[in-house]
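Nothing in this text is a laboratory measurement; each read-out follows from the coordinates by a stated rule. Only a predicted model underlies this, so the values are computations on that prediction, with no experimental measurement involved. A quick note on method: Cβ atoms are made from the backbone with ideal geometry, for glycine too, and the neighbour counts reach across all protein chains shown.
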Amino acid sequence: MSSKLPFETIVEVHGPTVLRVCLAVVGGSDADDAWSETFLSAMKAYPSLPDDANVEAWLVTIAHRRAIDVGRARSRRAVPTDSIAEHDHQPDHVEPDTDLATALAALPDKQRQSVAYHYLAGLPYAEIASILGGTPASARRAAADGIATLRRSDVGPHDSLTERSTR
Amino acid sequence: MNTETDLTDTLHQALAVDPDHLSRLHHRLTAAAETERLLDVAYRTIDSPVGNLLLAATEIGLVRVAYALEDHDRVLQDLADRISPRILRHPARLDGVARELDEYFVGRRHAFAVTLDWQLSTGFRSTVLQHLAEIEYGHTASYAAVARLSGRPNAFRAVGTACSTNPLPVVVPCHRVVKSDGTMGGYLGGLEAKSTLLQLEAAA
């Protein structure tokens, strides 16, 4: 007989972290889709997840794949149309429009993902390497490079508290 | 931003997550899970004159009603172990049950019409519980009488066990089973709850 926590508890405990990861990796407008796809896929696979699995690492791995899917779907939608397409997919919530979020969005994919998975999800670099491919050392280097760029972008705690625009 | 801790804090602030946003996402997830038939157990809680009640339903029907005394977290874990861990809080699936219970608690409903999922009770216990509906609203029956109804006149102890492990209290009226001398006997929701229900039914 399996002993797994009710999935509601998984959503409660890990939902906020997965949302931060999605916001960091795909940005505000696609984060909702990525989060929803992640938890729906996770719920499908949950009964067969080994009982001793690291649930957060498992969710981040799924979020990574779903984020790529969501990004692909978005670029497919954007290709054949003009600027109107940019407006028909507005986020239903406030973008994290701080300088730091902007700087994060500007990082190369691997750096942004490594920073998100290590600093937001708390995954060790070995785990990140198995998600992104490459070695733990290269994941560590990518995160370090990303962090260095974020520091150079000269944003601090004060900036991140700037007033948010409302919808 | 001098230390790693500062940086992590700053990232968390920059990517602030508000509870309303998460609750919208949760709503979207339960709707999608229901559509894709992944939601094996949906639950909600309601306030009632006998305290906070947990209601849980499978796709078949109402599978569990639990008193706060039973510890709702433990009950949900038990459902995860015995039915499926695909469990989400999803009040919509339990709207009908909640409405019938509201009516019952104000004395306007004497029998429940919701579909029940009996999978948590098996064998003779299940036979006993399915006979309880024959005890009419406002009436009581002794453990021995229920044993006779269930076809095993000597099994009054087993009737006691069936009642004390009833997965669907209130809806399946084990509170109407009392001792032969007229005293209440035990109750899985506590004696106060049992007497509240019996008084409610006597008054209506």
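Under a point-charge model restricted to the Cβ atoms of Lys and Arg (+1) and Asp and Glu (-1), what is the dipole moment magnitude of chain B relative to its Cα centre, in debye to the nearest 20?
1020 debye
Pick from B:19, B:169, B:91 the residue whose mean-square fluctuation is largest in a GNM of chain B, springs joining Cα atoms under 10 Å.
Comparing B:19, B:169, B:91 in a Gaussian network model of chain B, the most mobile one is B:19.
Run the lone-cysteine check on the protein assembly as shown: no other Cys C-beta under 4.7 Å from the residue's C-beta.
So far as the 4.7 Å Cβ criterion goes, A:22 stand without a partner in the protein assembly as shown.
Averaged across the residues of B:96-103, what count of C-beta atoms belonging to other chains lies within 10 Å of each residue's C-beta?
The shielding value for this peptide is 0.
Please express the shape of the protein assembly as shown as an equivalent ellipsoid: the semi-axes are the square roots of 5 times the eigenvalues of the C-alpha gyration tensor, given largest first in whole angstrom.
Sorted largest first and rounded, they come to 53, 20, 18 Å.
So the label point goes 7 Å from the Cα of residue B:108 along Cα→C-beta, right? Which residues of the stretch B:179-204 then have their backbone N under 16 Å from it?
Those under the cut-off are B:204.
Working from Cα positions, state the angle (0 to 90°, nearest 10) between the long axis of helix B:19-35 and the longest principal axis of chain B.
60 degrees
Averaged over peptide A:118-129, how many Cβ atoms belonging to another chain are found within 10 Å of each residue's Cβ?
Mean inter-chain Cβ contacts per residue within 10 Å come to 1.
Take the alpha carbon gyration tensor of the stretch B:159-204, find the square roots of its eigenvalues, order them as a ≥ b ≥ c, and report rounded if a/c is under 1.5; if not, report prolate when a/b exceeds b/c, else oblate.
Oblate, because a/c is 1.5 or more while a/b does not exceed b/c.
So how strong a dipole does the stretch A:14-76 carry about its Cα centre when Lys and Arg Cβ are +1 and Asp and Glu Cβ are -1, to the nearest 20 debye?
Using only the charged Cβ atoms, the result is roughly 300 debye.
Give or take rounding to whole Å, what are the principal axis extents of the alpha carbon atoms in the stretch B:91-182, in descending order?
Sorted largest first, the three principal extents are 42, 28, 17 Å.
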